[in-house]
2 protein chains.
Amino acid sequence: MPFSFKLQAEDAATGARAGCFATPHGEVLTPAFMPVGTVGSVKSLSPDDLTAAGCDILLCNTYHLMLRPGVDTVRKMGGMHRFMGWDGAMLTDSGGFQVMSLNELNRVREEGVEFRSHLDGSRHMLSPEEAIRVQDGLGTDIAMSFDHLVRLPAPPADVREAVDRTVRWARRGLEERTRLREDGRGHMALFGINQGGTDAAERARCFSELGALPFDGFALGGLWVGEGRSLGLEMVERDCGEFPREKPRYLMGVGHPVDVIEAIARGVDMMDCVLPTRNARRGTVFIDSGRLVVRNAAYAHDERPLDPECDCATCRKYTRAYLRHLFISGELLGMRLASVHAVHHMMSLVRRARAAVLDGRFSAFRSGFLEKFASRETLAAAAS
Amino acid sequence: MPFSFKLQAEDAATGARAGCFATPHGEVLTPAFMPVGTVGSVKSLSPDDLTAAGCDILLCNTYHLMLRPGVDTVRKMGGMHRFMGWDGAMLTDSGGFQVMSLNELNRVREEGVEFRSHLDGSRHMLSPEEAIRVQDGLGTDIAMSFDHLVRLPAPPADVREAVDRTVRWARRGLEERTRLREDGRGHMALFGINQGGTDAAERARCFSELGALPFDGFALGGLWVGEGRSLGLEMVERDCGEFPREKPRYLMGVGHPVDVIEAIARGVDMMDCVLPTRNARRGTVFIDSGRLVVRNAAYAHDERPLDPECDCATCRKYTRAYLRHLFISGELLGMRLASVHAVHHMMSLVRRARAAVLDGRFSAFRSGFLEKFASRETLAAAAS
């Protein structure tokens, strides 16, 4: 079954879009936010928790899974879905980001990247072909092309070289999927990743080649790595202006609610980030009216839920006072309850954005959201 | 409403009993195992998880809660049930065990125990009266008498002194509850605690006085602190032989499945222990056929659930292979899924024992259980 993205609505005043695509593991509505289940679990949450939060697509990390438990084990266990008990859609990254960011000792060659495991120092090789084979072995629904990214800031020549290599590697990945399909495998969709860092000309040059390749969707790579929100969003606007209208656009590594809404406003369909759940485990959650630090002494007797406007399993039942107590006491349940809220809140955010696009009121939704998020109005202690 | 325990069946061949008692937070069936929610949560589990596991009574620790968040906060939040979102019954310990075991610097006087907080070194005092007031403030359904325990082995004179003081303190606690009731508070049940360590004569002497006091139930204190199973069970048999038939009997700190069944066989109605859940968080779970170490390499590709005979939420969905991967990877979800099984398994164990007593087949159940537990039959790797 060929991957097909259905564009359901486009906002008249902004770039915002609403759409959907089918996968062997259910339909995914866009804009979509993908929680990150790095090694096969969104930390502290079960697949049932994700489903209850309204999640229909999950991201897992190829780099981590290929090192542990290893693709052979996952294949033996029937693929990632069966192994972890997740019935929804799954996107895997290519491992490219991790082999560059978790490995000081990597060696990048035309063939691929030689790296050492962050777990035990063992040597491994990830190439454009191997990245596709591993993702196929994991049983993903959407695989990502193996790209070459450079740490910014970088000399222009390095950025150019990375762009050229990313395009060559993209072709090799597509060819590998074709070979797998000839073998009756490789059924997953495959997305290309645009590179070029914050150099608009390089991003344009990258996409002039990448855009001609038969990818099922395109990702915006090399952004949200420290360049700042306004420059990042400028690149998002640039890329989305050029990406084909009829294919999904995935902005990698974005998860701050304001960034999510601003990226959607510029035409992004999919995002992922550990930020909401990592923050939550450390006791900070996003709510509609800002960023709430659960340990704050102001909440010691606060009977309100984390977010008075949220109907997640945590906000329906537990007070800020109890959650604060759990975090102050170092209780695991605190991390879990905050994570339940964090995932639900991101799902709710993209669902509300989607509904606004479908209803032709995205601009009003966006300004209302931004105003409320900046208001911090329910962050203060309740009058007692 | 006066506390009343209803004895529903007594086994003909052993001391095993089945009963029930009502609390303001629902009925509790006995034999009962109480998971421990030390500071207001059974680590990694929510109240809904406990309910799903069949749990109808939970233990919380007075010592921990009085130090953090403090009884004033809990009272302000409407009591422990409301604070933590637990609708079932609750028993609190008196804090006596913790002030002795967590505090090297405690000073025991006739008035009570002066101790330093293990959190910040601050000075506190817990007396028989204060322990009752704190437990009442926490809103417990069953409070425990503040007892004096000695670290074993101890000179006979120390054991005698602790017994005498335990009896004097028991009277003072009962008097304090009477005073509270005159103020319209103190509605909780109150259990006395028998002491005397492993000295049968001292335990008999303790109970000759304690048994005459109007407690709602009696606990077996000072056992399972290193004396060994056979000596512990000997004391259990001794105490239960003397405890009144019409009141519940609570063996403190017991949670190994074999000990639980053997204690039930000797007439115990209630138990608590952190063992099953603490073990679970560390990757070891009890199953019907023994003790399973989840990280064992033999389970890397084992598609069976932790316990093929268990119908808990974890065993219904997840394989040993996945749980092993979670533990090897240090994922929080592993601790949670193992804890879900651990609580469910203990609930199932006491429920099965109860059904056996009611059906007049406890001896057969007991020997079947012990034989299977020793068999280790599903611990080995599956044939592949």
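The values are calculated or read from the model by the stated rules, or taken from the named source; none is laboratory data. Please read these numbers as outputs of a predicted model, since none were measured by experiment. FYI the Cβ positions are ideal-geometry reconstructions off the backbone, even for glycines, and counts take in every protein chain you see. Just so you know, the surface numbers come from the protein's heavy atoms only, side chains and all, with ligands and any DNA or RNA stripped out. Shrake-Rupley method; radii C 1.70, N 1.55, O 1.52, S 1.80 Å.
On the basis of being modelled with pLDDT of 95 or more, of a type in the set (Val, Ile, Thr), assigned to a helix (DSSP H, G or I) and open to solvent by 10 Å² or more (accessible area, probe 1.4 Å), does A:Val236 make the cut?
no
Looking at segment A:325-384 only, could you name the residues that are within 13 Å of chain B (Cβ to nearest Cβ), assigned to a loop (DSSP other than H, G, I, E, B) and modelled with pLDDT of 95 or more?
A:Ser329, A:Gly330, A:Glu331
Tally the residues that are assigned to a loop (DSSP other than H, G, I, E, B) and within 28 Å of B:Arg249 (Cβ to Cβ), restricting the search to segment B:268-309.
Number of matching residues: 5.
Determine which single condition B:Leu50 fails, assuming it passes every other condition in (1) in a helix (DSSP H, G or I); (2) open to solvent by 10 Å² or more (accessible area, probe 1.4 Å); (3) at pLDDT 95 or above.
Every listed condition holds for B:Leu50 apart from (2).
I'd like to verify a number: residues in segment B:312-321 that are without any contact (Cβ under 8 Å) to a residue 24 or more places away in the chain and farther than 16 Å from A:Met84 by Cβ, how many?
Residues meeting the conditions: 0.
Checking B:Ile264 against (1) touching a strand residue (DSSP E or B) at 6+ places or on another chain (Cβ under 7 Å); (2) within 23 Å of B:Phe373 (Cβ to Cβ), only one condition comes out false. Which one?
Evaluating B:Ile264 over (1) touching a strand residue (DSSP E or B) at 6+ places or on another chain (Cβ under 7 Å); (2) within 23 Å of B:Phe373 (Cβ to Cβ) leaves (1) as the failure.
Please go through segment B:216-231 and give me each residue that is of a type in the set (D, E, K, R) and free of Cβ contacts under 8 Å to residues at least 40 places away in the same chain, ordered by number.
The answer is B:Arg229, and nothing else.
Let me confirm something: among B:Ser367, B:Ser348, B:Ser329, which residue is closer than 21 Å to B:Cys240 by Cβ, out of contact with any strand residue (DSSP E or B) (no Cβ under 7 Å at 6 or more places or on another chain) and either open to solvent by 10 Å² or more (accessible area, probe 1.4 Å) or not small (Gly, Ala, Ser) (or both)?
Only one candidate qualifies: B:Ser367.
Of A:Val42, A:Val28, which residue is under 17 Å from the mean Cα position of the chain (by Cα), part of a strand (DSSP E or B) and among the β-branched types (Val, Ile, Thr)?
Exactly one of A:Val42, A:Val28 is under 17 Å from the mean Cα position of the chain (by Cα), part of a strand (DSSP E or B) and among the β-branched types (Val, Ile, Thr), namely A:Val28.
Please verify whether segment A:71-90 includes one or more residues that are out of contact with any Ser or Thr (no Cβ under 8 Å at 6 or more places or on another chain), surrounded by 24 or more Cβ atoms within 10 Å (Cβ to Cβ) and at the interface with chain B (Cβ under 10 Å from one of its Cβ atoms).
Looking for residues that are out of contact with any Ser or Thr (no Cβ under 8 Å at 6 or more places or on another chain), surrounded by 24 or more Cβ atoms within 10 Å (Cβ to Cβ) and at the interface with chain B (Cβ under 10 Å from one of its Cβ atoms), one finds at least one in segment A:71-90, hence yes.
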